[in-house]
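As structure tokens, the structure follows; a few thoughts come after it.
The values are calculated or read from the model by the stated rules, or taken from the named source; none is laboratory data. Quick caveat, the model's predicted, so the values are computed rather than measured. Neighbour counts are summed over all protein chains in view; Cβ atoms, including those assigned to glycine, are modelled from backbone coordinates with ideal geometry. The protein model used for the area step is the full one, side chains on, heavy atoms only, and it has no ligands, DNA or RNA in it. Shrake-Rupley method; radii C 1.70, N 1.55, O 1.52, S 1.80 Å.
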Amino acid sequence: MHLHQSESGHATPHFDRAMEIVAGDIQKRKADDPIPSEKYVYLLDQLGNIALTLERYNEAAQLYQATIDGLALNNIPRNSRKITELFLKMGQIYAIIADYTQAELSFLHVIEVTTAELRKPGPPNRDVVHLNGLAFEGLGKVYVSMGQTENALHMYRYSIEFARSSLGPDDAHIPVLLSDMAFTYQKKGRLKEALAAANEAVELSSKNNPMVYQVILCNKATILSEMGEIEEAGKLYDEALKIARKKSDWSTIQEVMQNQKILKKKQEK
């Protein structure tokens, strides 16, 4: 079966046909159903990736869950790297479709598995650290969406400290977590704490994670705007926009331009 994953319009009919074929296998299994082969389970995983590309999120979650179940039936432990990566994807999908309970459970599974692995003696595995950071970041955002900002702040503080102790103070994921924490403080109206976290995020990002520097600059500018620091916010938005255009970061370009319009209205008052 060949699916044109890079061309969503062409992929859709192929994907729909594939879903018809595997429909019985992604529903609840019966006790006497045969154990799926690992090759077939791999196919379900690939279909899940295509569903994600097509933004068919509910089907993607079903396919990834069927993949996890199929791997477990083939005696692959739930704390394996493959299954942990699938739980991370499911957490991200559930967050998108606002099923926050399932998102929380999925992210917590990733955090439990990766934290246990990172606590073992020896140098930390960078891939595991990356999974751990993404899970903490995702869980924090879920808690913000649920209105549980104190839980979100707790997650961010813990994950930042964990990253620092595991990888050192210059780990590239720390400024991302700091920026997310700044946003959470901003949501609570704790603007001084938000700005302090944003300042640290900007400083670290400029050194060790330039890929997201323009995003973090934009976040800091938004905090300054809310604090009434209109001129300084405008300068940061201009800088963020310039960098985003050089990188063809279209989502940040759009966000900055929208925020500049809001800032202009504030200036006109």
When residue 209 is run through (1) polar (S, T, N, Q); (2) surrounded by 18 or more Cβ atoms within 10 Å (Cβ to Cβ); (3) modelled with pLDDT of 95 or more, the failure sits at (3)
Looking at the stretch 219-238, which of its residues are open to solvent by 40 Å² or more (accessible area, probe 1.4 Å), farther than 20 Å from residue 177 by Cβ and within 25 Å of the chain's Cα centre (by Cα)?
-> none
Identify the residue in the stretch 102-118 that is at pLDDT 95 or above and of a type in the set (S, T, N, Q) and, among all such residues, is nearest to residue 175 (Cα to Cα).
-> 106
Every residue from the stretch 1-32 that is modelled with pLDDT of 70 or more and charged (D, E, K, R) | 16, 17, 20
How many residues are crowded, with 17+ Cβ neighbours inside 10 Å, hydroxyl-bearing (Ser, Thr, Tyr) and modelled with pLDDT under 90 if we restrict to the stretch 119-166?
-> 2
State all residues of the stretch 33-55 that are among the acidic types (Asp, Glu) and either at pLDDT 90 or above or assigned to a helix (DSSP H, G or I) (or both); if no residue qualifies, say none.
-> 38, 45, 55
Among all residue pairs at least 6 apart or on different chains, which show Cβ distances below 6 Å where the first residue, located in the stretch 19-41, is under 16 Å from residue 71 (Cα atoms) and acidic (Asp, Glu) and the second is in a loop (DSSP other than H, G, I, E, B) and modelled with pLDDT of 70 or more?
-> 38/74
Residues of the stretch 45-68 that turn out to be among the aliphatic types (A, V, I, L, M) and within 17 Å of the chain's Cα centre (by Cα), as a count | 3
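Does residue 89 satisfy the condition of being charged (D, E, K, R) and at pLDDT 90 or above? Explain how you work it out, then say what you get.
Values: charged (D, E, K, R): yes; at pLDDT 90 or above: yes.
For residue 89, the condition - charged (D, E, K, R) and at pLDDT 90 or above - is met.
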Given the conditions (1) surrounded by fewer than 19 Cβ atoms within 10 Å (Cβ to Cβ); (2) among the small types (Gly, Ala, Ser); (3) farther than 17 Å from residue 77 by Cβ, every one holds for residue 116 apart from (3)
Name every residue in the stretch 184-204 that is closer than 21 Å to residue 257 by Cβ and buried (at least 23 other Cβ atoms within 10 Å of the Cβ), in order of residue number.
-> 198
